[in-house]
Amino acid sequence: MVLMTQSEEENFALSASIDNARNVSHILKAVHFKDTATVFATENGLKVTVEDSKCIQANAFIQEQVFQEYVIREDSITFRINLDILQECLSIFGSSSPSTTAMRMMYNGYGTPIVLTLEEDGAVTDCSIKTQEPDQTLDFEFSAANVINKVIMKAECLKEAFNELDVTSEVLQITMSPDAPYFRLATYGLLGQSHNDIPKDSSMVEYFECGQTQSNRYRLNLLKPSVKAVNLANKVCIRMDHRGFLSLQYMIKNENAQVCFVEYYCCPDEEFEDDNEPAM
């Protein structure tokens, strides 16, 4: 890694280094369904937000302790960045390389690029990525106080359920209930209705708390990006609030066994809420 003098380091509003860049790219894969992302930096670490259609939002949290060094000289920093380019830079030495790539990231404030210095086996590459004016991100006003139902399960269980969904269905109906069927995923495709039930006493379910029966439908095409997170996660926490808004929290371990979190928010599809079956 190229060393910098203390005076050079102090010029940057944000600087961070990590011994294994895959630990950053791994968590970013879970939210990489659009080409741009908004990055929020605080003393606690980075939050990377990706949105689509003003109906779904994904947040990847990379805590300060994941980095070997993390210095921020402002209370908070926000910018947009091209996620495609960032991921290409992080894997510039090849994602399947047995060696690890060390990374230093530097940002000098509003309007300046993100500068990455990547080093692997003595080879050093510098990358400069333009940053953009951040858009205002959505506020789903999802608070723990308004959560009606909550289930924590092993991610493998939800992954299998997602793989069995009828892709010809426009919506996914999620039912959470204190009584049977407890947790149900239902679709309405070309061959009719199908569902997958997960009982609360399943060995895959670690926590089950349902105060009342809720059944809401969500656009399947909006939930598909969260499959990226399911494939990387160890556990998932599924919550619904009093409005039917959905939260999917994924616990993901990196190569150093550190835990990072990704959260998806999705609003219910009002078009189908009052129908017995959605239109084909």
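The values are calculated or read from the model by the stated rules, or taken from the named source; none is laboratory data. Everything quoted here is computed from the prediction, not taken from an experiment. Backbone-built Cβ (ideal geometry, glycine too); neighbour counts: all protein chains shown.
The single condition among (1) surrounded by 16 or more Cβ atoms within 10 Å (Cβ to Cβ); (2) at pLDDT below 95 that E119 does not meet is (2).
For region 156-168, the criterion of being under 20 Å from E270 (Cβ atoms) and small (G, A, S) is met by none of the residues.
Only a single criterion out of (1) surrounded by fewer than 16 Cβ atoms within 10 Å (Cβ to Cβ); (2) over 30 Å from K224 (Cα atoms); (3) of a type outside the set (D, E, K, R) is not satisfied by L138, namely (2).
Return yes or no: is E51 surrounded by 13 or more Cβ atoms within 10 Å (Cβ to Cβ), charged (D, E, K, R) and in a strand (DSSP E or B)?
Working: surrounded by 13 or more Cβ atoms within 10 Å (Cβ to Cβ): yes; charged (D, E, K, R): yes; in a strand (DSSP E or B): yes.
Here the answer is yes, as E51 does meet what is asked.
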